[in-house]
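The structure appears below as structure tokens.
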Amino acid sequence: MNLIIITAFVRTLGQSMPYLSILTHEEPWVNDVHTRLFSIFIYLFLGGCVIHRYFLEKMNGHKSGVVWFTGLPGSGKTTLAIEVEKRLLQEGIRCTIIDGDRLRKRLNHDLGFTETDRMENLRRAAVISLMFIEAGVLVLAPLISPFDSSRAIIKQHFNSEDFTELYVKCSLEVCERRDPKGMYRLAREGTLLNFTGVSAPYEAPSQPDIVVDTENFSLEYCVDFLTDYVLSNYKIETQKENDL
Ligand SMILES: Nc1ncnc2c1ncn2[C@@H]1O[C@H](COP(=O)(O)OS(=O)(=O)O)[C@@H](OP(=O)(O)O)[C@H]1O
Ligand SMILES: Nc1ncnc2c1ncn2[C@@H]1O[C@H](COP(=O)(O)OP(=O)(O)O)[C@@H](O)[C@H]1O
């Protein structure tokens, strides 16, 4: 029994070495001995999984989480996510895009566009997002997410501080005029069934955390606006930056 405990202890200590070395080197936020000892204590006794994300976020210099985009087809979700991702990567933010369209071609090709299938599609996207969050990554998730009820369920998968609901606001009329993939035309012709905005409902969120109005503002403005929002909410100010 003692041998098992000692082995577990040594193993945990071994696994914690990368973190312990961070705690003891060049980190202004752990430069007092009490903080170091406290962190080591928490790591050893609460276990790696609890503290793992905390360390990753400190190492990355930003928090992880998900920005969940909702909006009509053609509102600009994908375009915005791609441009904002580029800007965030330049700022040193580890981020990724989980896009409805791409997800459906890969993991979710078994799902269609009924309400039940859309819910399952979003649930899987949420689960994947959670795994990225645990890995310290900031997720941009552009998915139509048309129903209040399914968005409420999705939200429950996350800690409230990890989840930002972003409404990409654009009227149906303008989205249809843009029609970047020609899908509105197919839906109007009756070739594409259950199409959001035409033959399936879209319920705009009543209390989103942030709104980006792509109808009345340019792409450049929207990208700046969203990038600034993400940086101010997710970046962790270091001591050095605070001192400047
Ligand atoms: N019937 C129907 N309704 C809506 N959208 C359709 C449909 N058929 C195909 N597509 C294409 O699928 C993309 C939407 O997938 P999502 O996973 O974001 O949808 S949902 O959140 O599950 O409702 C959507 O991409 P975006 O235009 O980027 O939103 C469409 O390209
Ligand atoms: N302010 C804006 N923000 C985002 N996209 C815009 C904006 N103004 C015009 N657009 C155009 O609208 C279209 C949106 O398409 P897309 O990003 O595929 O939408 P969604 O992913 O919501 O279906 C693109 O052709 C994009 O260039």
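None of the figures in this text is laboratory data; all of them are computed from the coordinates on show. Just so it is clear, the structure is predicted and the values come from calculations on it, not from any experiment. Note that each Cβ is placed from the backbone with ideal geometry, even for glycine, and that neighbours are counted across all protein chains shown.
Before moving on, here are some points about what is shown:
- Of the trypsin sites (Lys or Arg not before Pro) in segment 85-154, the ones in a loop by DSSP (not H, G, I, E or B) with at most 13 other beta carbons within 10 Å are ARG106.
- Per principal axis, descending, Cα span of segment 178-227 in whole Å: 37, 24, 16
- Less than 5 angstrom separates the built amide H of GLY76 from none of the residues sequence-distant by 5 or more or on a different chain.
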